[in-house]
1. Roughly speaking, to the nearest percent, how much of the range 12-268's 1.4 Å accessible area is carbon and sulfur?
2. How much accessible area per residue does the range 143-247 have, in Å², with a 1.4 Å probe?
3. For the charge dipole of the chain, defined by +1 on Lys and Arg C-beta atoms and -1 on Asp and Glu C-beta atoms about the Cα centroid, which residue among Gly217, Ala241, His116 has the Cα displaced farthest towards the positive pole?
4. Relative contact order for the range 12-268: what percent, with Cα pairs under 8 Å and sequence separation of 6 or more?
5. I'm checking a number: the convex hull volume of the Cα atoms of the chain, normalised per residue, in Å³. What is it?
6. Can you give the relative contact order of the range 92-196 as a percent, counting alpha carbon pairs under 8 Å and 6+ residues apart?
7. Hey, can you list the DSSP H helices of the chain whose Cα span along the axis is 15 Å or longer and whose average Kyte-Doolittle score is at least -0.5?
8. Provide the per residue accessible area, probe 1.4 Å, for the range 5-108, rounded to a whole number of square angstrom.
Amino acid sequence: MGNNNPQVKRTVTTLRKMKQDGEKIVMLTAYDSSFARVADEQGVDVILVGDSLGMTMQGRETTIPVSVDDLIYHTSCVSRVNKHALVLADLPFMGYTSPEMALRNSARLMQESYAHMVKLEGGAPQVETVKQLTFHGVPVCAHLGLQPQSVHKLGGYRVQGRDAAAAQQMIDDSLALQDAGADMLVLECVPVSLADTITEKLDIPVIGIGAGGGCDGQVLVLHDMLGITPRAPRFSRDFMAAGDGTIPGSVKAYIDAVKDGSFPAEEHCFA
Ligand code: KIV
């Protein structure tokens with residue numbers, strides 16, 4: 001039975017094997033039991049309980065107010081019904097300002113809400129934290145490119161890594177995070193050629209969002225791909241409009257489009 005079979009439980013090992021075999025990995029956010037059940041039953045490989053819940057669940061402008069307790073609550077709802085997907089939970093803004101704090105909050109996410117992996121934003125400055133989490137048996141997904149928790153520092157939601165120095169920094173950061181023990185990398189809003197280079201250089205799976213079709217997999221925010229976000233980002237597609245008009249059908253259409261390489265298309269990418 002191949003990794004493509006949604007009945008196979010997703011782990012860091014199966015995800016890495018999918019990269020080696022060239023099987024695309026599908027990640028989708030979910031924040032509650034009903035949508036998590038649909039995502040899991042349709043065959044999503046990784047359910048991300050992202051801090052995008054600040055916008056999708058709480059009606060906020062940014063991810064910044066989201067707390068570790070919010071993430072624990074929503075991750076618990078997802079884990080309760082999930083059977084096969086790997087459950088990835090975000091560490092929130094200011095939730096990992098030291099390795100000790102990252103360990104404490106990751107322990108809570110794993111012990112209280114059964115997350116299988118945690119995600120944190122940032123490059124070289126996070127290397128020590130990733131090392132400590134790895135040493136203590138916490139699977140880690142790093143997040144480079146557009147880092148929404150730094151939106152005020154960045155001055156808006158913008159494509160990252162466009163000039164040569166920033167691109168080289170991102171390549172160096174991704175290698176350093178992998179060496180530190182990261183198990184997966186999310187690349188958000190980066191030029192296709194840079195995402196392709198990073199994906200080729202790394203042994204761990206690279207999951208893109210606005211990073212082109214060359215990544216090992218794709219992630220979208222559930223509400224964007226269902227077409228219910230007031231202003232969906234350019235890198236998303238409305239799979240409700242494209243599919244059979246049902247929520248399970250839309251999730252299945254997204255999975256199929258990632259697996260067969262038809263999503264993302266050129267209009268979802270940045271140069
Ligand atoms: O919080 C989130 O949903 C995310 C994705 C945009 C990757 O981090």
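The values are calculated or read from the model by the stated rules, or taken from the named source; none is laboratory data. Keep in mind the model is a prediction, meaning the values are calculated, not measured. As a convention, Cβ positions derive from the backbone with ideal geometry for all residues, glycine included, and neighbour counts pool all protein chains shown. Note: accessible area is taken over every heavy atom of the protein model, side chains too, but ligands, DNA and RNA are not part of it. Shrake-Rupley method; radii C 1.70, N 1.55, O 1.52, S 1.80 Å.
1. Accessible surface attributable to carbon and sulfur in the range 12-268 totals 51 percent.
2. Averaged over the residues of the range 143-247, the accessible area is 41 Å².
3. Result: His116.
4. Averaging sequence separation for qualifying contacts and normalising by length gives 18 percent for the range 12-268.
5. 113 Å³
6. 29 percent
7. Those that clear 15 Å and a mean of -0.5 are 68-81, 164-180, 247-259.
8. Accessible area per residue, the range 5-108: 40 Å².
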